[in-house]
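The values are calculated or read from the model by the stated rules, or taken from the named source; none is laboratory data. Everything numeric in this text was worked out from a predicted model, so none of it was measured. Cβ coordinates were reconstructed from backbone atoms using ideal geometry, including for glycine residues, and neighbour counts include every protein chain displayed. Heavy atoms of the whole protein, side chains included, go into the accessibility calculation; ligands, DNA and RNA do not. Shrake-Rupley method; radii C 1.70, N 1.55, O 1.52, S 1.80 Å.
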Amino acid sequence: MLILLGLLSTLARAERITACGGENEWPPSSYYDRQQPERVVGYSPDVLRAALKGSDYQLNVILLPWARCLALAKSGAGMHIVMGATRSPEREAQYAISLPYLELNPQVYYLADRYPAGARIHERDDLVGVKVCGLLGFNYSHLGLDPAQLDTGATDYASLIAKLRAGRCEVFVENTEVVSGFRKLLHAALSDPQLRKASLQGLPTLSASFLVSRNLPYAADLLQTLDRGIQRLRQQGELKRLLKPHLEAE
């Protein structure tokens, strides 16, 4: 009887939580399985499951329009965690933020047929005055640019590169891990043979974390559980092992 009561008590405490990423996909963080398109896979779901292992949290992962993912998690309306998010003062005020679990290295990308001599951008200061394209809803505060320089109207990478070809902007900045993840998936736009990269000195590595909704009665416990799990995975070297399958082979 005591064993049965204990089991029922555990089941009663179990919380189903939902984590979201952007529906346009953002490998290696999260993307749709090419064999089972309804299934969301990626480094972030893998880390979440490993970090929550042994806890009472039951995980569900979905992809949504990025702005909607953020808004639902902010309100706590059926969404609990945002995956693969960088810090900003605004997000620090709106969400509880986990320890970082993904290190990202920003670089400049451009089209060789438009700039055969290279983009001649090697340091962050070289971006001053350059028209830079970006994706709608993404956080580019780390670039420290005048907002007038940024064209963030592209909804996906195909339209982003189309803007480069049309001369709407000269370059875009993306993390090498993200481009590597897309190329592993044979993404047509980011596998363009004319696409080149230039190392961008003076720009710090970005850290991605999980954003946890503050509007949950168990927000503090969920954050603490995630942080303990991430710390354990880092100490065991598991974060690197979990990331490798989601990147293009070197």
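Yes or no: segment 36-43 includes at least one residue that is surrounded by 18 or more Cβ atoms within 10 Å (Cβ to Cβ) and among the aromatic types (Phe, Trp, Tyr). Within segment 36-43, one or more residues are surrounded by 18 or more Cβ atoms within 10 Å (Cβ to Cβ) and among the aromatic types (Phe, Trp, Tyr). Among the conditions (1) part of a loop (DSSP other than H, G, I, E, B); (2) closer than 21 Å to Ser209 by Cβ, the only one that Ile121 does not satisfy is (2). If you go through segment 130-162 and keep only what is of a type in the set (D, E, K, R) and open to solvent by less than 30 Å² (accessible area, probe 1.4 Å), you end up with just Asp151.
For segment 86-120, name all the residues that are small (Gly, Ala, Ser) and within 19 Å of Val47 (Cα to Cα). Within segment 86-120, Ala96, Ser98 meet the criteria. Summed over segment 180-197, residues that are within 17 Å of Val132 (Cα to Cα), touching a residue at least 60 places away in the same chain (Cβ under 8 Å) and open to solvent by less than 50 Å² (accessible area, probe 1.4 Å) total 1. Number of residues in segment 186-211 that are in contact with a His (Cβ under 7 Å, 6 or more places away or on another chain) and under 16 Å from Ser44 (Cα atoms) equals 1.
Annotation note: of Leu99, Leu63, Leu70, the sole residue that is in contact with a helix residue (DSSP H, G or I) (Cβ under 9 Å, 6 or more places away or on another chain), part of a helix (DSSP H, G or I) and modelled with pLDDT of 95 or more is Leu70. Restricting Pro116, Pro100 to residues that are free of Cβ contacts under 8 Å to residues at least 12 places away in the same chain and open to solvent by 20 Å² or more (accessible area, probe 1.4 Å) narrows the list to Pro116.
Consider Tyr110 carefully, then state whether it is under 22 Å from Tyr157 (Cβ atoms) and part of a strand (DSSP E or B). It is true that Tyr110 is under 22 Å from Tyr157 (Cβ atoms) and part of a strand (DSSP E or B).
The residue pairs whose first member lies in segment 58-71 and is at negative phi, whose second member is open to solvent by less than 50 Å² (accessible area, probe 1.4 Å) and acidic (Asp, Glu), and whose beta carbons are closer than 8 Å, counting only pairs six or more residues apart or on different chains, are Leu63/Glu25. Counting only residues that are surrounded by fewer than 14 Cβ atoms within 10 Å (Cβ to Cβ) and not polar (S, T, N, Q), segment 50-61 holds 2 of them.
The criterion of being of a type outside the set (Lys, Arg), touching a Leu at 6+ places or on another chain (Cβ under 6 Å) and surrounded by 13 or more Cβ atoms within 10 Å (Cβ to Cβ) does not hold for Leu242.
Within the set Gly181, Gly229, Gly237, Gly202, the sole residue that is at pLDDT 90 or above and on the phi > 0 side of the Ramachandran plot turns out to be Gly237. For segment 71-90, what are the residues that are surrounded by fewer than 17 Cβ atoms within 10 Å (Cβ to Cβ) and of a type in the set (S, T, N, Q)? Hits for segment 71-90 are Ser75, Ser88. Flag not set for Ile81, criterion: farther than 20 Å from Asn24 by Cα, β-branched (Val, Ile, Thr) and in contact with a strand residue (DSSP E or B) (Cβ under 6 Å, 6 or more places away or on another chain).
Might you check whether a residue that is touching a residue at least 12 places away in the same chain (Cβ under 8 Å), in a loop (DSSP other than H, G, I, E, B) and over 23 Å from Leu70 (Cα atoms) occurs anywhere in segment 239-248? Looking for residues that are touching a residue at least 12 places away in the same chain (Cβ under 8 Å), in a loop (DSSP other than H, G, I, E, B) and over 23 Å from Leu70 (Cα atoms), one finds at least one in segment 239-248, hence yes. Residues of segment 211-232 that are assigned to a loop (DSSP other than H, G, I, E, B) and either open to solvent by less than 10 Å² (accessible area, probe 1.4 Å) or hydrophobic (A, V, I, L, M, F, W, C) (or both): Leu216 alone.
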